[in-house]
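Each value in this text was obtained by applying a stated rule to the coordinates, not by laboratory testing. Owing to the predicted nature of the structure, the values given are computational and were not obtained by experimental measurement. For neighbour counting, all protein chains shown are included, and Cβ atoms are generated from backbone atoms with ideal geometry for every residue, glycine included.
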Amino acid sequence: MLASSALAGGFDELGAGWTDIEAGGMVFVRPKYEGAKDYEVFAVPSIAPSGNSESRRVRFRGIDDLRFNLLDHYGSGFEAGPLIGYRFGRDEDDADRLEGLGDVDGGLIVGGYAGYRFGVVMPYVSYHHQVTGDDTGGIARLGIETRLPVGDRFDVVAVAGTTWADGDYMQSYFGVTQTQNANSAANLSVYDIDSGFKDVFLGVAASVPLGDRWSLKLAGRYAHLLGDAADSPIVEAESQWSGGVGLTYRFSTGR
């Protein structure tokens, strides 16, 4: 449920007290798997701490990127800390060409990040490694994010960057082993793939107040697969879109 707010609520800064809570529901659309041409729609409930611009210690950046800003050099702009999240897996019935390849289990993500903030702009690097389910390795993101004020009551956060993946990740999600080749209903060729940059991406998120307590949550993301990842026989579409829309209600648990 917290992860659903990460996607739809975008990149809110959260206060340490967490006395204000936002609860509601979200609807998402995303590719059935990384490289798919078909999409799936799903709805989830959402509950998460509300934003607090005065204490920026916990930040959502995505389903696999819940950051804890533990190292903050006051006035310097540098910040760093651990992160956790979740990585979606892949089912062999997500597409005809996947039949016989077997499922890839998703799981818990752990890692860390570091960035340097110049006013409203922050270049950053983050690392995300799966530690439960299948061993699908790790990815690193190099990006830059900026907050764009729009009017007096809400703003928009935009992020752009590229993703590097290690060999385990690339082989798990884009490779075809000899065993998979033998079992493949689509007769996919053996495809060995090494580590490398797998995509470039652009994301936008916004929280739009609809009153004192109601907010509309919007998020969108575009990624374009690169190089060996884009050339994989499992890939149906190099362009990958995802997005979400939701409605939340804010209430206070403080005394």
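Below are the figures for this structure:
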{"quantity": "Alpha carbon centroid spacing (whole Å) that separates the stretch 64-125 from the stretch 137-168", "calculated": "10 Å"}
{"quantity": "The chain, Rg to Rh (Cα coordinates; Rh as Kirkwood inverse mean 1/r)", "calculated": "1.00"}
{"quantity": "Alpha carbon centroid spacing (whole Å) that separates the stretch 220-253 from the stretch 190-206", "calculated": "11 Å"}
{"quantity": "Sparse-neighbourhood loop sites, trypsin sites (Lys or Arg not before Pro) in the stretch 115-166 - DSSP loop, at most 15 other Cβ within 10 angstrom", "calculated": "Arg153"}
{"quantity": "Cβ-placed point charges (K, R +1; D, E -1), dipole of the stretch 63-242 about Cα centre in debye, nearest 20", "calculated": "1000 debye"}
{"quantity": "For Thr177, Thr253, Thr163, order by how many other beta-carbon atoms lie within 10 Å, fewest first", "calculated": "Thr253, Thr177, Thr163"}
{"quantity": "Among Gly175, Phe68, Gly106 - extreme Cα towards positive end, dipole of the chain, charges at beta-carbon", "calculated": "Phe68"}
{"quantity": "For Ala229, net neighbour charge (Lys/Arg +1, Asp/Glu -1) across residues whose Cβ lies under 9 Å away", "calculated": "-4"}
{"quantity": "Value of relative contact order over the stretch 63-242, rounded to a whole percent, pairs C-alpha under 8 Å and six or more apart", "calculated": "15 percent"}
{"quantity": "Range of Cα positions in the stretch 120-212 per principal axis (Å), largest first", "calculated": "60, 27, 24"}
